[in-house]
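Student: Dropping a structure here in structure tokens format, bear with me for questions.
Taken together, the values in this text are just the output of simple stated rules run on the coordinates, not laboratory data. Note that the structure is a prediction, hence the values are computed from the model and not measured. Backbone-built Cβ (ideal geometry, glycine too); neighbour counts: all protein chains shown.
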Amino acid sequence: TQLLEQSPQFLSIQEGENLTVYCNSSSVFSSLQWYRQEPGEGPVLLVTVVTGGEVKKLKRLTFQFGDARKDSSLHITAAQPGDTGLYLCAGRSSNTGKLIFGQGTTLQVKP
Amino acid sequence: EAQVTQNPRYLITVTGKKLTVTCSQNMNHEYMSWYRQDPGLGLRQIYYSMNVEVTDKGDVPEGYKVSRKEKRNFPLILESPSPNQTSLYFCASSYGDSRSGANVLTFGAGSRLTVL
């Protein structure tokens, strides 16, 4: 069974701090997606990375795909209360094409 | 507005009472899927459908049924719900074969089900 381990599972920080969320696996993925989910809503796609070593930026969010396409990170600079939510990574298996979700990271940014 | 609509959003029921959670999308997507979300376990796929009349099991299909008679609808059926099916359920859809890396899943707002 392919697993995608996310860490940390919970993160509570003050507004203005930086943070990094990690997504790790022993399996290779053809692509990796990051979603954000707010209470009472479904996950919404933030970014897709497809090339090993790829870095994408979305305002204060920086996403990186590992060189070996087994891991990814999400870095938020100067977090704001509006960043509060559940962040999910999802990797597409190179073998099966199946989309596998991590357990999620719950982020709380306090004003 | 392009969206995936699930109903009901909230439901409390009792063990053994059949229920259906409806899912409808207005984007002409071929691929549809059901997930359940439980604390610490992330999203786990229950069933998916590549197109009309084509459905397949996901990772946790036991206790669930689905049908895809029309492209836009993909209902989730619990014939005899049990307490371990208490969860938050999401329907999602995308264009074409979801195995393509570029395909983006559009999720519904979720249906919170409690089985007593």
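Student: Test B:Gly16 against the stated conditions and say whether it is surrounded by fewer than 21 Cβ atoms within 10 Å (Cβ to Cβ), of a type outside the set (Val, Ile, Thr) and under 18 Å from B:Phe107 (Cβ atoms).
Tutor: On the way: surrounded by fewer than 21 Cβ atoms within 10 Å (Cβ to Cβ): yes; of a type outside the set (Val, Ile, Thr): yes; under 18 Å from B:Phe107 (Cβ atoms): no.
No: the conditions fail for B:Gly16.
Student: Could you check region A:1-45 for strands (runs of 3 or more DSSP E) lying wholly inside it with 1 or more residues that are closer than 16 Å to A:Leu74 by Cα and touching a Pro at 6+ places or on another chain (Cβ under 9 Å)?
Tutor: Details: elements: A:5-7, A:10-14, A:19-24, A:29-37.
Passing ranges, in order: A:19-24, A:29-37.
Student: Give all pairs with beta carbons closer than 6 Å in which a residue from region A:92-104 that is within 7 Å of chain B (Cβ to nearest Cβ) and touching a residue at least 12 places away in the same chain (Cβ under 8 Å) meets a residue that is aromatic (Phe, Trp, Tyr) and not in a loop (DSSP other than H, G, I, E, B); count only pairs at least 6 apart in sequence or on separate chains.
Tutor: From residues that are within 7 Å of chain B (Cβ to nearest Cβ) and touching a residue at least 12 places away in the same chain (Cβ under 8 Å), the pairs are A:Arg92/A:Phe29.
Student: Counting residues that are more than 14 Å from every other protein chain (Cβ to nearest Cβ), which strands (runs of 3 or more DSSP E) fully inside region B:4-116 reach at least 3? Break it down stepwise before answering.
Tutor: Numbers: elements: B:4-7, B:10-13, B:19-25, B:31-38, B:42-51, B:54-57, B:76-78, B:87-94, B:111-115.
Counting at least 3 such residues, we get B:10-13, B:19-25, B:76-78, B:111-115.
Student: Follow-up question, since we're still on this one. Quick check on my filter: what residues within region B:21-41 are in contact with a Leu (Cβ under 9 Å, 6 or more places away or on another chain) and surrounded by 21 or more Cβ atoms within 10 Å (Cβ to Cβ)?
Tutor: If we filter region B:21-41 for residues that are in contact with a Leu (Cβ under 9 Å, 6 or more places away or on another chain), which is where we start, we get B:21-23, B:31, B:33-38.
Passing the criteria: B:Val21, B:Cys23, B:Tyr31, B:Ser33, B:Trp34, B:Tyr35, B:Arg36, B:Gln37.
Student: For the structure I just gave you, tell me whether A:Thr62 is without any contact (Cβ under 8 Å) to a residue 24 or more places away in the chain, within 14 Å of A:Tyr87 (Cβ to Cβ), away from every other protein chain (no Cβ under 13 Å) and within 14 Å of the chain's Cα centre (by Cα).
Tutor: On the way: without any contact (Cβ under 8 Å) to a residue 24 or more places away in the chain: yes; within 14 Å of A:Tyr87 (Cβ to Cβ): yes; away from every other protein chain (no Cβ under 13 Å): yes; within 14 Å of the chain's Cα centre (by Cα): yes.
For A:Thr62, the condition - without any contact (Cβ under 8 Å) to a residue 24 or more places away in the chain, within 14 Å of A:Tyr87 (Cβ to Cβ), away from every other protein chain (no Cβ under 13 Å) and within 14 Å of the chain's Cα centre (by Cα) - is met.
Student: While we're on this one: Inside region A:55-111, can you point out the residues that are of a type in the set (A, V, I, L, M, F, W, C), assigned to a loop (DSSP other than H, G, I, E, B) and either at positive phi or surrounded by fewer than 16 Cβ atoms within 10 Å (Cβ to Cβ) (or both)?
Tutor: If we filter region A:55-111 for residues that are of a type in the set (A, V, I, L, M, F, W, C), which is where we start, we get A:55, A:58, A:61, A:63, A:65, A:68, A:74, A:76, A:78-79, A:86, A:88-90, A:99-101, A:107, A:109.
Those left that are additionally assigned to a loop (DSSP other than H, G, I, E, B): A:68, A:78-79.
If the condition is that a residue be of a type in the set (A, V, I, L, M, F, W, C), assigned to a loop (DSSP other than H, G, I, E, B) and either at positive phi or surrounded by fewer than 16 Cβ atoms within 10 Å (Cβ to Cβ) (or both), then A:Ala68, A:Ala78 are the ones that fit.
Student: Sort out which residues of region B:62-87 are in contact with a Phe, Trp or Tyr (Cβ under 6 Å, 6 or more places away or on another chain) and not hydrophobic (A, V, I, L, M, F, W, C), and write them in order of number.
Tutor: Of everything in region B:62-87, just one residue is in contact with a Phe, Trp or Tyr (Cβ under 6 Å, 6 or more places away or on another chain) and not hydrophobic (A, V, I, L, M, F, W, C), namely B:Arg68.
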